[in-house]
Amino acid sequence: MRAQDIRRSTTSIVAVVLAAVLVLMINWLGARHWKRADWTASNLYTLSEKSRNIVASLDEDIRVIVFMTPGSDLFPQVRELLNRYSAASARISVEYIDPDREPLRTQKLAEEFGVSLANTVVFSAGERSKYVTSDQMAEYDYGGMQYGQSPTLKSFRAEEQFTSAILSLVAPKVPHVYFISGHGEPTLGAPSQPSEPAIGTLEEALKRENMETTETTLLGGAVPEDADVVAIVGPMRAFTEAEINALDAYLERGGRLLVALDPLIEPDGGMRSTRLEALLLKWGVEVRDDLVIDPSKKLPFYDLSAVYLDVFGDHPITQGMDGLAVLCLVARSVAPVEEPEQEVTTLVETSPEGWGETNMGQLLKGEPVDPGDEDTLGPVAVAVAVEERAADAAVDDVDQEDGDHDQPPQGARLVVFGDSDFLSDTQIANAGNLVLAVNAFNWLAAQEQALGIPAHDVDQASFYLSASQMRGVLFIILLVIPGAAIVAGIFIWRRRRH
């Protein structure tokens with residue numbers, strides 16, 4: 001063998017060895033220094049700050065079992081999202097079970113955790129468990145089914161469900177929310193009549209946030225002792241003096257109250273009172289007898305009173321609301337009183353072009369309106385949050401230091417909305433209505449770490465080709481590419497011969 005051939009062989013071997021070493025070094029560095037990236041337009045797999053905070057604070061192990069076949073529509077998204085959870089905390093372990101390939105193991109674990117549905121994700125901590133089904137993880141668009149098309153994935157909300165499941169396992173206490181009834185309020189759960197207003201969707205959302213909901217009345221003259229939050233949504237009739245006194249006493253001992261009042265317009269153009277207005281005035285909020293108008297935020301195909309509002313105040317309740325809007329069909333304005341004793345923060349308001357219209361008669365006739373001298377010029381608020389000042393709350397803490405520790409957390413909190421329709425089953429799914437509602441209840445229940453997570457929209461990318469473009473693609477694939485390979489082969493063959 002010539003010396004030149006030996007050098008060439010040696011050089012080739014050294015090059016191969018160096019390339020192998022380089023590949024091994026790159027893999028070694030990549031395994032120890034890596035960073036996840038989310039290239040989806042809607043950040044489909046990026047954990048929200050809320051999820052990261054909850055996962056980072058885990059002090060016990062969470063076991064996640066995924067009962068899902070790899071061929072399931074949601075399997076890739078679920079696997080990628082759970083990888084983000086396990087990467088965010090060593091406390092979370094994930095295992096996947098294919099029911100088709102592992103029927104015995106599937107049956108054993110299904111009986112252990114009480115799972116009866118396929119495509120289910122189970123979260124377990126100690127003796128506690130909670131599961132999330134596929135229909136809770138995603139929302140589908142069925143609009144194309146009338147044309148023979150399959151349903152398409154519209155939004156992916158698994159993060160909201162997964163974080164809620166984790167929170168329900170580690171939360172020390174389940175807040176109890178009481179919805180007041182007896183004044184024409186919408187019912188919890190499914191309505192008995194199709195036309196009857198209901199807030200069943202809100203109830204289900206609160207349960208996912210690890211809250212217990214119950215309807216009650218105040219006819220006994222007192223708020224239930226175990227009430228962490230009291231909600232009054234859309235009353236149509238006035239409260240009695242005894243009921244108002246019960247609510248006032250509840251707030252005085254540090255209660256948490258949500259009130260959503262609609263503008264109850266009488267035929268003569270006046271506004272019917274519920275007696276809650278005077279109570280709220282005492283606690284720093286004026287509920288005005290007007291109708292919110294905002295021509296710059298008017299909803300198409302509706303009258304002037306239907307608006308979408310996207311101006312939010314700086315408050316924990318409005319976290320995660322960027323890029324969202326709240327849709328209100330008919331709302332009245334609310335505002336802090338002058339020099340309130342409490343801290344009152346605007347949550348949602350109109351644009352500067354909006355105002356509070358007091359001429360109800362003109363609105364009822366369908367006539368155009370303009371801001372007048374008696375109207376409230378914009379921007380006007382449709383939602384405010386009230387919190388008892390720290391000094392006042394400290395006095396209450398001292399007074400009740402040796403009292404019952406099961407009472408609601410000290411320092412009264414209120415959230416007041418000038419509309420209740422946005423909480424109804426027919427409206428709460430619109431835009432950011434549900435996020436705002438869930439955030440409000442979490443703040444009232446002192447669950448700031450559980451402030452709501454909006455669903456991630458799924459972008460359906462489509463690529464359309466005209467007939468001429470399709471012919472061009474076929475020409476390139478069937479003729480140009482094979483022809484180029486043939487020509488290159490002939491050229492190399494002739495060159496080697498010569």
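The values are calculated or read from the model by the stated rules, or taken from the named source; none is laboratory data. Every value quoted in this text rests on a predicted model; they were computed, and no experiment measured them. Neighbour counts run over all protein chains shown; Cβ positions are idealised from the backbone, glycine included. The accessibility values were calculated without ligands, DNA or RNA, using every heavy atom of the protein model including side chains. Shrake-Rupley method; radii C 1.70, N 1.55, O 1.52, S 1.80 Å.
Counting only residues that are within 30 Å of residue 365 (Cβ to Cβ) and either aliphatic (A, V, I, L, M) or part of a strand (DSSP E or B) (or both), region 301-318 holds 6 of them. Entry remark, region 172-221: residues being of a type in the set (A, V, I, L, M, F, W, C), surrounded by fewer than 13 Cβ atoms within 10 Å (Cβ to Cβ) and closer than 29 Å to residue 273 by Cβ number 1 in total.
The set of residues in region 237-265 being free of Cβ contacts under 8 Å to residues at least 60 places away in the same chain and either closer than 17 Å to residue 305 by Cβ or under 28 Å from the mean Cα position of the chain (by Cα) (or both) consists of 264 alone. Residues in region 73-89 that are crowded, with 17+ Cβ neighbours inside 10 Å and of a type outside the set (A, V, I, L, M, F, W, C): 77, 84, 85, 89.
Residues in region 326-345 that are under 10 Å from residue 419 (Cβ atoms), β-branched (Val, Ile, Thr) and open to solvent by 20 Å² or more (accessible area, probe 1.4 Å): 330 alone. Considering only residues that are in a loop (DSSP other than H, G, I, E, B) and farther than 9 Å from residue 67 by Cβ, look in region 90-121 and name the one that is most open to solvent (accessible area, probe 1.4 Å). In this case the residue turns out to be 101. Summed over region 44-63, residues that are out of contact with any Gly (no Cβ under 9 Å at 6 or more places or on another chain) and either of a type outside the set (Ser, Thr, Tyr) or surrounded by fewer than 16 Cβ atoms within 10 Å (Cβ to Cβ) (or both) total 12. The lone criterion from (1) surrounded by fewer than 17 Cβ atoms within 10 Å (Cβ to Cβ); (2) at pLDDT 90 or above; (3) within 30 Å of residue 308 (Cα to Cα) left unmet by residue 461 is number (2).
Step by step: first the residues of region 273-322, then only those that are without any contact (Cβ under 8 Å) to a residue 12 or more places away in the chain and not hydrophobic (A, V, I, L, M, F, W, C), then the one that is most open to solvent (accessible area, probe 1.4 Å). Which residue is that? Going through the qualifying residues, I end up with 322. Sort out which residues of region 343-376 are among the acidic types (Asp, Glu) and in contact with a helix residue (DSSP H, G or I) (Cβ under 7 Å, 6 or more places away or on another chain), and write them in order of number. Across region 343-376, the qualifying residues are 353, 357.
Results for (1) at pLDDT below 80; (2) out of contact with any Phe, Trp or Tyr (no Cβ under 7 Å at 6 or more places or on another chain), shown as yes or no for each residue.
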| position | (1), (2) |
| --- | --- |
| 139 | yes, yes |
| 153 | yes, no |
| 159 | no, yes |
| 183 | no, no |
| 188 | no, no |
| 197 | no, yes |
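Residues in region 247-255 include none that are over 11 Å from residue 180 (Cβ atoms), charged (D, E, K, R), surrounded by 22 or more Cβ atoms within 10 Å (Cβ to Cβ) and modelled with pLDDT of 95 or more. State which residue is modelled with the highest pLDDT when the search covers only region 425-442 and only residues that are out of contact with any strand residue (DSSP E or B) (no Cβ under 7 Å at 6 or more places or on another chain) and either of a type in the set (A, V, I, L, M, F, W, C) or not in a helix (DSSP H, G or I) (or both). Per the criteria, the residue is 437. Just the residues that are over 18 Å from residue 57 (Cα atoms), among the hydroxyl-bearing types (Ser, Thr, Tyr) and outside any strand (DSSP E or B), please, taken from region 158-187. Selection gives 181 alone. Within region 319-371, the set of residues being part of a strand (DSSP E or B) and not hydrophobic (A, V, I, L, M, F, W, C) comprises 336, 343, 345, 346, 349, 356, 357.
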